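The values are calculated or read from the model by the stated rules, or taken from the named source; none is laboratory data. Everything numeric here is computed off the predicted structure, so don't read it as measured data. Using ideal geometry, Cβ is built from the backbone for each residue, glycine included, and neighbour counts are taken over all protein chains shown.
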Ligand SMILES: O=C(O)[C@H]1O[C@H](OP(=O)(O)OP(=O)(O)OC[C@H]2O[C@@H](n3ccc(=O)[nH]c3=O)[C@H](O)[C@@H]2O)[C@H](O)[C@@H](O)[C@H]1O
């Protein structure tokens, strides 16, 4: 044993050492080679593992994006097709943008009730209480109108919608509304009223068939004009707010798409629309809330103590104007993104033709609510308001058969009735509306 160890440590023949060494090196080399190839295999295995992990991750990402998206999928498409189904001879299939909004809800219902196909689109933003928009959506769904949750500035979504349904008409009511809010959030007006409008028109011009487009402009485009009543042919180059400027820009932008691509366009200049399911940011609505809650209201007054006045227009009259516009809209003439012949381009005032001052509006509300308002009268701040609006509706009357029938007294009565039923009113209390709203079912 000792000799063996010695022989290994101190070999007796030099030649033997060489051979032994060579064997040892060989063995070591083989061992080394074997471990390198094992390492190589391990490395390959690790690379493959990493690659499959990464691709699995991206699959998970993509599918979670797909599954989390508020639109897409076979069930979604089925709902859209069902909602777009026309149920009367010669009916239309209409994409209504801003469908969960005030005017959008009413127009969608009117179309659906007479048998047209209606698909809504709304981004349910939080400019005002989204729960009111959700309640309007529930109302629409109970009548078979499906509302897609999405933004008009989402080109992929719009392309998909036109892919699923060959809409004959688009009723474009989605917008950033409100005159004075533009001071606080100017970007939201650019996003919806400019960028969103262009994205929508791009989708319309590329659609096959191209739909006819009816959209909401605004009385605010008349800006600081003094000649009354306001007519469509009057200049509209003195906007008083960014809101008005974006609506005026919308009129120019739609004209371009009409001129280049043959889109049939009808712009409707709405005059201070009010009524049930209305917008909480508007004066008649917020005044009602404050009066009922015993809170003060701020009433703006113009220069030289002149009262401000608006041509308040009841929602049912506006709906008739919208539907008549859809019914009389000619087809767009383009296809494949190219214009055919010149297409229809129209603009109409939809007002009431009888302006009412803001203090008179408050007086009507006080009577309907049976509560006296606590008024703070202040000079109109320079934040976008105009002193008065007054529509000349001759053109709409002649070409659309538009004829408003509801005065402010009657319209506000209907609004107050809706307000009390929506926010909570127990007729058994027998008290005033103010008492009845304590413990209201919904909050504002
Ligand atoms: O026709 C339109 O194109 C626009 O109509 C509507 O704007 P406006 O006519 O300004 O309505 P609205 O805010 O109800 O104020 C009414 C009056 O109350 C006064 N007002 C308002 C608030 C207040 O606290 N106090 C007050 O006196 C105020 O000075 C004004 O004199 C839509 O909101 C707008 O989106 C757009 O559609």
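Comparison of 291, 253 shows that the only residue that is in a helix (DSSP H, G or I), more than 9 Å from the ligand (Cβ to nearest atom), in contact (Cβ under 8 Å) with a residue 24 or more places away in the chain and under 22 Å from the mean Cα position of the chain (by Cα) is 253. When you scan the range 397-420, do you find a residue that is loosely packed, with under 15 Cβ neighbours inside 10 Å, closer than 30 Å to residue 185 by Cβ and either within 29 Å of the chain's Cα centre (by Cα) or modelled with pLDDT under 95 (or both), even just one? Within the range 397-420, one or more residues are loosely packed, with under 15 Cβ neighbours inside 10 Å, closer than 30 Å to residue 185 by Cβ and either within 29 Å of the chain's Cα centre (by Cα) or modelled with pLDDT under 95 (or both).
Considering (1) buried (at least 20 other Cβ atoms within 10 Å of the Cβ); (2) in contact (Cβ under 8 Å) with a residue 60 or more places away in the chain, the lone condition that residue 160 does not fulfil carries the number (1). Applying the condition of being within 23 Å of residue 279 (Cβ to Cβ) and out of contact with any helix residue (DSSP H, G or I) (no Cβ under 7 Å at 6 or more places or on another chain) to the range 318-351 and asking which residue is nearest to the ligand (Cβ to nearest atom) yields 320. Within the range 299-317, the set of residues being near the ligand (Cβ under 8 Å from one of its atoms) and farther than 17 Å from residue 386 by Cβ is empty.
Scanning the range 168-179 for residues that are more than 14 Å from the ligand (Cβ to nearest atom) and either closer than 12 Å to residue 244 by Cα or surrounded by fewer than 23 Cβ atoms within 10 Å (Cβ to Cβ) (or both) turns up at least one hit. Taking first residues from the range 374-392 that are over 23 Å from residue 354 (Cβ atoms) and partners that are in a loop (DSSP other than H, G, I, E, B), the Cβ contacts under 6 Å between residues at least 6 apart in sequence or on separate chains come to 384/179; 384/240; 384/241.
Scanning the range 117-130 for residues that are over 12 Å from residue 152 (Cα atoms) and crowded, with 24+ Cβ neighbours inside 10 Å gives 117, 118, 119.
From the list 387, 355, 381, which residue is within 16 Å of the ligand (Cβ to nearest atom), at pLDDT 95 or above, farther than 30 Å from residue 139 by Cα and surrounded by fewer than 20 Cβ atoms within 10 Å (Cβ to Cβ)?
Details: 355 fails: surrounded by fewer than 20 Cβ atoms within 10 Å (Cβ to Cβ); 381 fails: at pLDDT 95 or above.
Criteria check complete, one pass: 387.
Summed over the range 198-230, the residues that are within 14 Å of the ligand (Cβ to nearest atom) and in contact with a strand residue (DSSP E or B) (Cβ under 7 Å, 6 or more places away or on another chain) give a count of 9. Counting the residues of the range 135-152 that are farther than 19 Å from residue 319 by Cβ, touching a helix residue (DSSP H, G or I) at 6+ places or on another chain (Cβ under 6 Å) and assigned to a helix (DSSP H, G or I) gives 0.
Among the residues of the range 83-118, those identified as in contact with a strand residue (DSSP E or B) (Cβ under 8 Å, 6 or more places away or on another chain), farther than 14 Å from residue 136 by Cβ and without any contact (Cβ under 8 Å) to a residue 60 or more places away in the chain are 85, 86, 87, 91, 116, 117.
Residue-wise test of (1) within 20 Å of the chain's Cα centre (by Cα); (2) surrounded by fewer than 17 Cβ atoms within 10 Å (Cβ to Cβ).
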residue	(1), (2)
185	yes, yes
210	no, no
213	yes, no
241	no, no
258	no, no
281	yes, yes
284	no, no
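Using the structure shown, decide if residue 233 is surrounded by fewer than 24 Cβ atoms within 10 Å (Cβ to Cβ), away from the ligand (no atom under 15 Å from the Cβ) and modelled with pLDDT of 95 or more. Yes: the conditions hold for residue 233.
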